[in-house]
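> Please read through the structure below; I'll follow up with questions.
The values are calculated or read from the model by the stated rules, or taken from the named source; none is laboratory data. This is a predicted model, so every value here is computed, not measured. Cβ placement follows ideal geometry from the backbone for every residue including glycine, while neighbour counts extend to all protein chains displayed.
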Amino acid sequence: MDFVMPSFVQILDFIGTFAFAISGIRLASAKRFDWFGAYVVGFATAIGGGTIRDVLLDVTPAWMLDPMYLICTAFAMFFVILFGKYLIKLNNTFFLFDSIGLALFTVVGFGKSLALGYPCWIAIIMGSITGAAGGVIRDVFINEIPLIFRKEIYAMACVVGGLVYWLCLKMEFDSYIAQIAGGITVFLTRILAVKYQITLPVLKGDPANEN
């Protein structure tokens, strides 16, 4: 069997899988999960958004066609096992890997949707699902309120990155430049929003029922 060099998008997908798996395994370790439980959380985090995207796009989920997603999660598991003590000391470790995964998966989801012939607005939604849904599954598994439902800028960062990706394509930049620009935009939007405590407005409930 001949070796086939992975494409740029596949490389982004595998790096995003590794980063998101680490974010899930890192949080699972903080909850004292065993190795198998932590692996399941990491794998669900890594493939959750892409699976939902592929089901909606009516294609076979990518992880069912390539064992690299399982292998990337295994590498992430060993990484956390070997360097867990150092990762725990670094308070921003989860945030960093989560932001990297969010950016890369948004780009992958957006690009795949366009490649299948869907319009820009569908691509932005699919990119956001690819980036954010895995984190929702992770947070449900570890019994936390998903980030997407809090005040933090999370899924909205995916939307902003998708728009930048689309604008770069409209200006006829090469696709890989559009991918890099979109991914960097997602990452920076997330980082800056947390650093400067930029949040979306909170929907107020009925004051009579707040007590």
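Yes/no per residue for (1) within 13 Å of the chain's Cα centre (by Cα); (2) of a type in the set (A, V, I, L, M, F, W, C):
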residue	(1), (2)
PHE110	yes, yes
LEU114	no, yes
CYS120	no, yes
ALA123	no, yes
GLY127	yes, no
GLY131	yes, no
VAL136	yes, yes
LEU147	yes, yes
ARG150	no, no
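> A follow-up question, please. Looking at region 126-181, which of its residues are of a type in the set (D, E, K, R) and in a loop (DSSP other than H, G, I, E, B)?
GLU144, ARG150, LYS151, GLU172, ASP174 - these are the residues of region 126-181 that are of a type in the set (D, E, K, R) and in a loop (DSSP other than H, G, I, E, B).
> Is it the case that PHE95 is closer than 27 Å to PRO201 by Cβ and crowded, with 21+ Cβ neighbours inside 10 Å?
So PHE95 fails the test.
A quick yes/no check of all residues on (1) within 30 Å of LYS170 (Cβ to Cβ); (2) modelled with pLDDT of 95 or more; (3) out of contact with any helix residue (DSSP H, G or I) (no Cβ under 8 Å at 6 or more places or on another chain); (4) among the polar types (S, T, N, Q):
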residue: LYS31; (1), (2), (3), (4): no, no, yes, no
residue: VAL59; (1), (2), (3), (4): yes, yes, yes, no
residue: PRO67; (1), (2), (3), (4): no, no, yes, no
residue: ALA74; (1), (2), (3), (4): no, yes, no, no
residue: ALA103; (1), (2), (3), (4): yes, yes, no, no
residue: SER113; (1), (2), (3), (4): yes, yes, no, yes
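> Please verify whether ALA155 is at pLDDT below 95 and either surrounded by fewer than 16 Cβ atoms within 10 Å (Cβ to Cβ) or under 19 Å from the mean Cα position of the chain (by Cα) (or both), treating the condition exactly as stated.
So ALA155 passes the test.
> Hey, another quick one. Just for region 98-125: of the residues that are in contact (Cβ under 8 Å) with a residue 12 or more places away in the chain and part of a loop (DSSP other than H, G, I, E, B), which one is surrounded by the most Cβ atoms within 10 Å (Cβ to Cβ)?
TYR118
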